[in-house]
């Protein structure tokens, strides 16, 4: 696991745009999960293409100068199909984006079974500043879960918590190809943390999580489900996975973040 | 956190209207959460405008001489879109308001995934009277959750509970820009308390909640979810956020409580 | 709280009708909660009036010689609109009533999110006989919840349980304007008890429940939610609250139990 | 409670048909709960009659030489209307029966909110063989719940468990008019046991369950809800209760198991 | 129970195709549960036949050189009808398969109430390599559940866990006709393990699970529900069970894995 702050394009853009000092360089992260009504798939090709195009346009517009990522959970879970991760240092930005997204044709046929709002902040267990952007790697998968710790954890002395977390981090360091992204939801949403790992090998990640079970920190976990295995791809490809139909529009640069051709 | 009773317009109006003595100056607070059926967004513009207008009229009428606030949760949660907070010292008032609201076009396309009924009362940890109105600030966000304490809390001696709460309050005092509004639901609804914080900076509130975790009082919490981050705005703007379409009617004064122009 | 058995009209009628001895004078109580499909409100006035009329007729027929009460939860909860409390010493009576009710137009647009079946019986903590009818007062509100006690409660010696309950009852006695109605569901439904309080002042009831928290008996509660604040009214008025439209038919005497004119 | 194995007609038929030895004489029991879509009640009389007729035909066919029982929960619960109990020593039989039942008109408008699959087996606390059929009495009500015991129960020595169960059984013996039917679901379904009591007097059963609370065995219960009070009747009558409309077809002998005339 | 790795056809095909060494021979297993909308059964025969044919084609295509199994839960559970188990060493394969499957007519009328993603890996309690394929037997039933262990289990020394698991395995060895298939979900899905047993005799399996309750390992189980009893059959037969109508197309060889004629 690498614990270094993101250095991605969107983070740079935010810094340029808002002129934040490192301390103020926190960002909101909003994970929105969509489950498409099976009835949508009964609509005809033209309607579905238009529905997706409107959704894509909202994402592309947001992503012009802010961080926008998409993932598909088709084939990994049954209760959600598509994950959109939007980031901004400004919460009203996220409100406005979801207002626009909600007007897209696709949103009229979608439920939102899960949603996580969080912020980055400086970790008490590290010297590094708050990250201006999370989930910036080009790795193939995102492994994501909301986490709540047992209250007795917070009753431990700070040095004790530090000691326990360092041994936890040691295990992560054995797997340098897995990146960790921790953001914080205290008081903003139901969980305390949103934990997201990026990796190319689900088997390695599975082994890592199993290796973490005997660590002392693991005993302080109150809740860490649901766990989502998300396949990283451009918004366009994630939309095309919904109905198995390639969109014909040329993808905008931002939406082709995974570098692959956008449609088969 | 400021623990002083509200001094808002609606509170004054209630005192004038009902002639309550300070001791009797308790109010009911009803938080009603609406999730709009995605199918509503498929209705045409004229229909949606009429649906919203009827909903707005009900709110404006109630708000003529009682406290009426609105918040949007679009972009912060996935299971609710709109929060209406209606307050009155008279419970039948709230019944009647919701009867009227239920007849509005919008309510015919809405579910109510959450609802909290509570009352203000004098706190055992303060000298102040019960508040005649809550959530009276002009701050940008409301952070809201229902709370239940562990039963063993109530088995502690009163002085012990007072001591624990005072150290909890100390932490809050370090953040004077966050206002707290506590109301009580014992026997009236599923939770014991409805806790609502008003602030302009979600990051500061997140930090405050995380600072409270190691306090002694935190260990006595049984439940404090779901947690809602709500964006304060006029009823009209909160309605317009539902379909991203500005209403053309001139907003009534009461519904423009946030002082901003009501439509883009 | 008054712990005396009901002396209402329906109880008398049951005794006359079935000739029960005091010991056999138990009654079944069935609380049925209705949530109306928002789509019902889109039906036209004539259809809704007919739908309500059929529902009312079923209730009036049952109430001719049995106990029938109605309550509205509009404005107090979001997951239910209407509560019907039907009582009879004969369970088949309740089955038949709900068969008839299910055929009414309104039931074709309603879900039943909650339902509690219970019976009265002689309390082990009182000398009084089982009540032949519950919820007989003319008070304005009913505060209702299903209750389950922790299993360790039943492992205490009977005299210990008696001592604990007496101190619980002492607190209730300080509030003579609140009537308690306890019925029993062991083996018949998911809860052990259905507890219903009648009162005119929700603030007083809230204070009473909060006063009960430090009592010893409170520590033995396993579950006591959901908690319903119900506004007592005639069946006709509770139906008219569903669509905010006054029915034009003359109410039958039984349905106007609250003595108020039945429609605006 | 009587703990003797069933001696019913269907059990005899199974023995004759399959030639089982007493040891092999186990049966599968499948409890299927149906909740009818309120929209079904909006269909016209002819359609509903046909829908019910197809459902009835599937049940009658199964019941020709296997155990088939029906119960109504209208008036006792809100989340289910109809319970069908099908028994066979052959699991594929139950699969086939539910395939056929699923094609009936009624099933096209029904959800299955609960379902319990279990088998009979010889009790470790009795000398008796596994029962070839359960729920064979002509009593008026069935009281049914799935049960899971706490894991620490299974850690007790066998003789200790035997001692505890015997005192539990003693309480049951005081109520000879209540028959108990226990079947087992370990590894086949979510619960460990399906416990079903047959009786004519719900008040007596309520008292029995309350008497069992202080017994030692009661402290080892992990879960025993939901609890269903079911009104025993022929399949035909249980179907007619769904829409309050008597079917005009002559009932087949098997469906009139309760001996009463099949339609009003 | 047999704890030997699978030697099935699909495993062999994978080895030939991908040239994996034994250590790398892990596979992903995706269990997808379908519940068909009752409204689907109201569609006409031709439509339903086409809907099933498209679903079957997707499964057959996947199964050409990968492991594909189907099971029916009709008659054993109420919340799911059909289980598809797809296996591949490549997670993108599973994503693509579910994209295709989602476009089939049947998927447009289906919900996915349960879904489990897991991987095989070498057991710490055995010398054997990770299995390249699970659920390869021709036995009639699959008994399946997701499992989570208590965190204190992972705090035990490895040798202690080994000792406890060996005595657990001893009990399984008494039932050689039951095959166990354990796969791992740490970090990939909500459970830690997906445990699947194959057997011909549900009664024997029930007895085995009950025998395991007093073992030491059983006390460390946190969750092991829901439990699914699944009837093994070809995809074609499992589809035909959905509407009780035999498809007329000739089944492809892969889909007739159970060797029985594919339609009545």
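The values are calculated or read from the model by the stated rules, or taken from the named source; none is laboratory data. Everything numeric in this text was worked out from a predicted model, so none of it was measured. Cβ placement follows ideal geometry from the backbone for every residue including glycine, while neighbour counts extend to all protein chains displayed.
Go through the range E:41-72 residue by residue and tally those that are free of Cβ contacts under 8 Å to residues at least 40 places away in the same chain, closer than 29 Å to residue A:141 by Cβ and more than 18 Å from the chain's Cα centre (by Cα).
Of the residues in the range E:41-72, 1 are free of Cβ contacts under 8 Å to residues at least 40 places away in the same chain, closer than 29 Å to residue A:141 by Cβ and more than 18 Å from the chain's Cα centre (by Cα).
Report, by residue number, each residue of the range A:73-90 that is under 14 Å from the mean Cα position of the chain (by Cα) and assigned to a strand (DSSP E or B).
Hits for the range A:73-90 are A:82, A:83, A:84, A:85, A:86, A:87, A:88.
Please work out which residue is nearest to residue E:184 (Cα to Cα), limiting yourself to the range A:188-207 and to residues that are facing chain E (nearest Cβ under 9 Å) and in contact with a strand residue (DSSP E or B) (Cβ under 8 Å, 6 or more places away or on another chain).
First pass over the range A:188-207, keeping only residues facing chain E (nearest Cβ under 9 Å): A:197, A:202-203, A:205-207.
Add one more test, that the residue is in contact with a strand residue (DSSP E or B) (Cβ under 8 Å, 6 or more places away or on another chain), and what stays is A:197, A:202-203, A:205-206.
Values: A:197: 18, A:202: 11, A:203: 10, A:205: 11, A:206: 8 Å.
My answer is A:206.
Please specify each residue of the range C:29-40 satisfying the condition of being over 30 Å from residue C:181 (Cα atoms), under 26 Å from the mean Cα position of the chain (by Cα) and not in a loop (DSSP other than H, G, I, E, B).
Within the range C:29-40, the first condition is being over 30 Å from residue C:181 (Cα atoms), and the residues that meet it are C:37-40.
Imposing the further condition that a residue be under 26 Å from the mean Cα position of the chain (by Cα) reduces the set to C:37-38, C:40.
Within the range C:29-40, C:38, C:40 qualify.
Can you pull out every residue in the range D:58-69 that is in a helix (DSSP H, G or I) and surrounded by 17 or more Cβ atoms within 10 Å (Cβ to Cβ)? Steps first, answer last, please.
Of the range D:58-69, the ones in a helix (DSSP H, G or I) are D:58-63.
Listed by number, the residues that qualify are D:58, D:59, D:60, D:62, D:63.
Looking at the structure I just gave you, is residue B:39 surrounded by fewer than 20 Cβ atoms within 10 Å (Cβ to Cβ) and touching a helix residue (DSSP H, G or I) at 6+ places or on another chain (Cβ under 9 Å)? If you could, list the steps in order and put the result at the bottom.
Working: surrounded by fewer than 20 Cβ atoms within 10 Å (Cβ to Cβ): yes; touching a helix residue (DSSP H, G or I) at 6+ places or on another chain (Cβ under 9 Å): yes.
Yes: the conditions hold for residue B:39.
Among A:186, A:205, which is the only one that is crowded, with 17+ Cβ neighbours inside 10 Å and free of Cβ contacts under 8 Å to residues at least 60 places away in the same chain? Steps first, answer last, please.
Values: A:205 fails: free of Cβ contacts under 8 Å to residues at least 60 places away in the same chain.
A:186 is the lone residue from the list that is crowded, with 17+ Cβ neighbours inside 10 Å and free of Cβ contacts under 8 Å to residues at least 60 places away in the same chain.
Residue-by-condition table, conditions (1) out of contact with any strand residue (DSSP E or B) (no Cβ under 7 Å at 6 or more places or on another chain); (2) under 20 Å from residue B:40 (Cα atoms):
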| site | (1), (2) |
| --- | --- |
| B:61 | yes, no |
| B:64 | yes, no |
| B:69 | no, no |
| B:72 | no, yes |
| B:75 | no, yes |
| B:79 | no, yes |
| B:91 | no, no |
| B:94 | no, no |
| B:105 | yes, yes |
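Kindly indicate whether residue E:132 is touching a residue at least 40 places away in the same chain (Cβ under 8 Å) and more than 9 Å from chain A (Cβ to nearest Cβ).
Details: touching a residue at least 40 places away in the same chain (Cβ under 8 Å): yes; more than 9 Å from chain A (Cβ to nearest Cβ): yes.
Here the answer is yes, as residue E:132 does meet what is asked.
Looking only at the range B:208-217, which residues are at the interface with chain A (Cβ under 8 Å from one of its Cβ atoms), part of a helix (DSSP H, G or I) and surrounded by fewer than 18 Cβ atoms within 10 Å (Cβ to Cβ)? Talk me through it step by step, then tell me what you get.
Our first condition is that a residue be at the interface with chain A (Cβ under 8 Å from one of its Cβ atoms); within the range B:208-217, this holds for B:208-210, B:213-214.
With part of a helix (DSSP H, G or I) added as a condition, the list becomes B:208-210.
If the condition is that a residue be at the interface with chain A (Cβ under 8 Å from one of its Cβ atoms), part of a helix (DSSP H, G or I) and surrounded by fewer than 18 Cβ atoms within 10 Å (Cβ to Cβ), then B:210 is the only one that fits.
Being buried (at least 23 other Cβ atoms within 10 Å of the Cβ) and either touching a strand residue (DSSP E or B) at 6+ places or on another chain (Cβ under 9 Å) or modelled with pLDDT of 95 or more (or both): is that true of residue E:229 here? Steps first, answer last, please.
On the way: buried (at least 23 other Cβ atoms within 10 Å of the Cβ): yes; either touching a strand residue (DSSP E or B) at 6+ places or on another chain (Cβ under 9 Å) or modelled with pLDDT of 95 or more (or both): yes.
Yes, satisfied.
With E:112, E:96, E:32 as the choices, which residue is within 13 Å of chain A (Cβ to nearest Cβ), without any contact (Cβ under 8 Å) to a residue 24 or more places away in the chain and crowded, with 17+ Cβ neighbours inside 10 Å? So that I can check it myself, show each step before the final result.
Working: E:112 fails: without any contact (Cβ under 8 Å) to a residue 24 or more places away in the chain; E:32 fails: without any contact (Cβ under 8 Å) to a residue 24 or more places away in the chain.
Step by step, each of E:112, E:96, E:32 is checked, and only E:96 is within 13 Å of chain A (Cβ to nearest Cβ), without any contact (Cβ under 8 Å) to a residue 24 or more places away in the chain and crowded, with 17+ Cβ neighbours inside 10 Å.
Looking only at residues that are in contact (Cβ under 8 Å) with a residue 40 or more places away in the chain, more than 19 Å from residue E:227 (Cβ to Cβ) and more than 14 Å from chain A (Cβ to nearest Cβ) in the range E:138-179, which one is surrounded by the most Cβ atoms within 10 Å (Cβ to Cβ)?
Residue satisfying both the conditions and the ranking: E:164.
Would you point out which residue out of A:51, A:81 is modelled with pLDDT of 95 or more, within 14 Å of chain E (Cβ to nearest Cβ) and more than 22 Å from residue A:119 (Cα to Cα)? Break it down into steps so the answer makes sense when it comes.
Working: A:51 fails: within 14 Å of chain E (Cβ to nearest Cβ).
Going through A:51, A:81 in turn, the sole match is A:81.
Would you list the helices (runs of 4 or more DSSP H) that sit entirely within the range D:91-178 and hold 3 or more residues that are within 18 Å of the chain's Cα centre (by Cα)? Before the answer, list the steps.
Values: elements: D:91-103, D:151-154, D:158-173.
Filter on the range D:91-178 gives D:91-103.
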